[in-house]
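Please treat every number below as a calculation from the coordinates, not as lab data. Bear in mind the structure is a predicted one, so any value in this text is a computation, not a measurement. In this analysis, Cβ positions are derived from the backbone assuming ideal geometry, glycine residues included, and neighbour counts consider all displayed protein chains.
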Amino acid sequence: MTAARSGEVRGMTWREIDFDQAIWTVPANRMKMGEEHRVPLPRQAVDLLQALPCMSESDFVFWALAEEPFATAVDRIGKKELGEILGVKRNTA
């Protein structure tokens, strides 16, 4: 949805997101070119981010338990719910 590099997305923190302006500001220290990057967030991305659970122990948006893969963390949200948030219609045929 944002065309951002996976490492930048994995490092996303809640403080970097401006929900009112629908902008994600990636700090320079996480960007390949070393410059701050402002990423416009489409409505679907904002909806997805607002639906994610927030861990009080972590400022990271996409957290995982121990060595758990990110895909497993997404499974916790539930694929059906994720599809509904993103507006994806399931093929029932």
query: Taking N as the number of residues in segment 7-53, what is its alpha-carbon radius of gyration divided by 2.2 N^0.38 Å?
result: 1.13
task: Report the paramagnetic label zone for residue 63: residues of segment 1-40 whose backbone N is under 20 Å from a point 7 Å from Cα along the Cα-to-Cβ axis.
output: 7-19
